[in-house]
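So the structure is just underneath, and the comments pick up after that.
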Amino acid sequence: MGNVPIFCQNKTFIENETSYELLSQCWTEKRIADLLRLCLPLIILPVSLLNNSLSYFALRSRQMYGTSTAFFMLILSVLDPLVLVTKNFVYFPIFIPVNSISCKILYFLIYVLGYTNVWLLVIMTVDKFFAVWFPLRASYFCTITRAKYTCIFLFFLTSIISFHHFWTIDSLTHPHNTKKYFCYYNMIHYGSIHRLWRYIDFIIWCFLPFILLLLFSILIIYKLKKNRTNSHEHIRHIISSNLRLREVDSPKHSSVSILAGQEIEMRSNQKHDVIRSRHRHITLMLLSVATVFLLLTLPNSIYFVLDITYSFNKTPIVNDYYQWLRYRRLTILTIIMFQLSDLQHAVNFYLYLLTSHKFRRSVIGICLKIVDFLPTILTCPCQRKIEEMRYANQKFDKSQYNMSCRSSIYGPSNSTQSSRHLLQQTRPLYVCNGNVLKSTTITTTNDLI
């Protein structure tokens, strides 16, 4: 469980050593932290790649594509794995930390993609807010063209906010190994804005999206409930007024008109139920995505804001057992906080499945196509081998035919013997290769005779 130092196996060294900086490397907390740091990203990333690939193809289908909400979801399915890929370059540094420019680009992309991903959720909720509160103007505002322009503007804005990483991030030498490098903030340039940037990051990445998502979600739910009651009252008012007019004109047909009014009310209620169910599915989907986002990112943001004051991740200076134990346990908490915020990039797929029946149908259709296509992929190598064997046998037949033609020049007796010899050689091929070699054998013997 984790990389255990060699000196941890020496019991005499552990008993005589008094430095908790070294002894803490043998503790279970240190090994748990190393195991979580290694395993969790390698589990979340493949799950996110698989889920978002299915989401991408499902959202490109005819059932889902065509609305601004589906377009935003499509962009999210691309951004989610990209965020995790860039973060995994930080978790597992291979060649990027050696170069300062690659470190700057990496951190710039992490923040740009992360901010864009978060604010796309807010824009999706605002888009739904316009569709519910202003249905007559929704066809003008909630279009795919405007959604594309919004995504471009959002990417440009987040790039401006994250541009400072090109002078605050640098490639630094590892304090315990001069041959190792890692990407982190250069305190010469970052020290003056360290506290300010932590608060800005908290506001942009969590606090402000949290307030907007909560506000617009409440307004959407309120409007849908209000429209539900108003629509039923409006329909009943229109039908009752029509019935009164008919009773005044023809009192004999009052019972028939009452039945007709009830039927009209039932049909109109059914239409409103269909429209309301569509809004309810999309609203439930957006609310679930927003809720999961808040649950997974809010603890991380609060933790790192408090870290400015309490310095949770600062290495202890005093050789004290309890401080080093606190430090090792807070390291585990830090890793869990990081991975919780990364987990939201892998769970949106399951939220779409639970809340949208159209998305479920699209995913099921894609899975059925994959299941149908798998046998053809598996049988392709076998088919190629069979074709190669057939081609080799046909080539062998032609060579035998040419030899028989040359032998027919020396006389009819030789030609008869060669034809009999050819028939004896082609019989096994007839058994193995079926009709193809049967026809070749017949034509060859007919030509010789």
Would you check the accessible area of residue 113, probe 1.4 Å, heavy atoms only, in square angstrom rounded to 10? 20 Å²
Once you have a ≥ b ≥ c as the square roots of the Cα gyration tensor eigenvalues for the range 153-223, tell me rounded if a/c is under 1.5, and otherwise prolate or oblate according to whether a/b is larger than b/c. prolate
Hey, could you pull the Cα Rg and Dmax for the range 285-349, both in Å? 15.1, 51
Using a Förster radius of 25 Å, what is the FRET efficiency between residue 102 and residue 176 based on their Cβ-Cβ separation? Nearest 0.05, please. 0.65
Sort 210, 373 by accessible area with a 1.4 Å probe, largest first. 373, 210
Give the shape of the range 313-375 as rounded, prolate or oblate, defined through the alpha-carbon gyration tensor: a ≥ b ≥ c are the square roots of its eigenvalues, a/c under 1.5 means rounded, and otherwise the shape is prolate if a/b is larger than b/c and oblate if not. prolate
Enter the accessible area of residue 307 (Å², nearest 10), with the probe set to 1.4 Å and all protein chains included. 20 Å²
Just to be sure I understand the model, the point goes 7 Å from the Cα along the line to the Cβ. What's the resulting residue 94 to residue 198 distance in nm? 3.3 nm
Please go through the residue pairs 104/148; 128/226; 30/180 and name each one whose alpha carbons sit more than 19 Å apart in this structure. 104/148; 30/180
Length gained, residue 306-residue 53, 0.36 nm per residue minus C-alpha separation, equals 87.4 nm
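The values are calculated or read from the model by the stated rules, or taken from the named source; none is laboratory data. Keep in mind the model is a prediction, meaning the values are calculated, not measured. Glycine also receives a Cβ, built like all others from the backbone with ideal geometry; neighbour counts cover every protein chain displayed. Protein only, heavy atoms only, side chains kept; ligands, DNA and RNA dropped before computing areas. Shrake-Rupley method; radii C 1.70, N 1.55, O 1.52, S 1.80 Å.
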